[in-house]
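Have a look at the structure below, then the notes.
Bear in mind that the values in this text are calculations on the coordinates, not laboratory data. Fair warning: this is a prediction, and the values are worked out from it, not measured in the lab. All Cβ positions, glycine included, derive from the backbone under ideal geometry; neighbour counts span all protein chains shown.
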């Protein structure tokens, strides 16, 4: 079975380490915050100027001056700090954020990522995504493996305008956990019940498959 | 009256001197921390041909979006413009020039503009459409592109509190682009929720010194919320989307 959105978030959360400063993009990455493993503490960075993002407010706590990068009302965690946008991107560009999780339309075997524009269709802008992929060393891209029509999103060459060049090393899809190195995709893990053949079929770029591909493990 | 007193008493006075075809730098992220009454005054003045530099362009009926129906904006420099139907229509029809700029680069362009730095190198955007036509150079084996600073004829800023000398304090994430915008205007106009006497703010806790501020006005604010997300009271906290 392909992973649900929550399961994708859950698998990403297994990569969190105690003391990590983490930037979560909009969409599935946001859900990662719900699955922080017991016994570890992470601090969430929101690029509009908040380090230490807390959960959504209750109706009584809502404050128009306190939002996240998705423009949602949020709260602050204990030990949070507030800063301006230049400072926020100094953190990001300067490589101070330990893990960045973000979505994409396409990735390719050279670690290129396209995530912000579909010419003629969707022109909303890159927001902070270009800074995030350029500044972070440790990035996990989350996305569905293929489109609804079965077109692979893991390509030899991205077809859409790039968000960043040669910056992606890890991709978690609804079918597989994949590493990108030496100009190839490498299959690390597969979703429970998903066959290697299915993953191979839906991966357009060159995919290296080791003899043994473990299933992802989820604690329930 | 002290020569450092920046307070004006009408929005008309606050935006006096704004003319057609000028460049305006605006603070705010989404609808958070936007100078909403200064924007309304620009709409009232019917100034046209404006170049606006702002992270976003508001929504259809609030924020910078209110300047779109009368075609007051000629060009916008922004990182994300996806919340606005009229904006999309004008952009697709070629009526509005849009320069998409990465968010961190946009913040740094304002900061550099206000700090007298004409340009800077950044890795953001290398190998993407943003790099087209820009000087590219290697430092320690990595590619960077040259991005130019931005300054404006006007900067419009929203802060929380100020003293009469224009020393500013921002509140929570309504700070965002406002401190950089404040430094990058030939004329910087700030609207705040409360003005106090000089000496009442703790100098250690001032975010933007008054030297950057030319005019200061106290206003009342709608503070519209774009995405009202809540959790139920008294249950386990979760983050959704």
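Ranking of B:15, A:117, B:110 by neighbouring Cβ atoms within 10 Å, starting from the fewest: A:117, B:15, B:110.
When chain B is treated as a GNM with alpha-carbon contacts under 10 Å, the residue of B:164, B:142, B:224 showing the greatest mean-square fluctuation is B:142.
If you run the Gaussian network model on chain B, springs between alpha carbon atoms under 10 Å, then out of B:20, B:153, B:204 the most flexible one is B:204.
Relative to its Kirkwood radius, the Cα radius of gyration of segment A:89-194 gives an Rg/Rh of 0.96.
With q set to 0.19 Å⁻¹, the log10 of I(q)/I(0) for segment B:20-86, from the Debye formula over equal scatterers at the Cα positions, is -0.62.
The sum of -39500 (n - 2.57) across all DSSP H runs of n ≥ 4, divided by the residue count of chain B, sets its helix-only mean residue ellipticity at 222 nm to -4500 deg cm²/dmol. Fewest-first ordering of B:229, B:128 by other beta carbons within 10 Å of each residue's beta carbon gives B:229, B:128. Cβ-to-Cβ counts within 10 Å put B:57, B:32 in ascending order as B:57, B:32, the fewest first. With viscosity set to 1.002 mPa s at 20 °C, what whole-number translational diffusion coefficient in µm²/s follows for segment B:1-142 from Stokes-Einstein and a Kirkwood radius over Cα pairs? Result for D is 128 µm²/s.
When chain A is treated as a GNM with alpha-carbon contacts under 10 Å, the residue of A:26, A:40, A:82 showing the greatest mean-square fluctuation is A:40.
The spacing between segment A:113-179 and segment B:147-191, judged by their C-alpha centroids, is 34 Å. Decide, for chain B, between rounded, prolate and oblate: order the square roots of the alpha carbon gyration tensor eigenvalues as a ≥ b ≥ c, take rounded if a/c falls under 1.5, and otherwise choose prolate if a/b is larger than b/c, else oblate. Judged from the Cα gyration tensor, chain B comes out rounded (a/c under 1.5).
Taking every alpha-carbon pair within the protein assembly as shown, the share separated by more than 41 Å comes to 19 percent.
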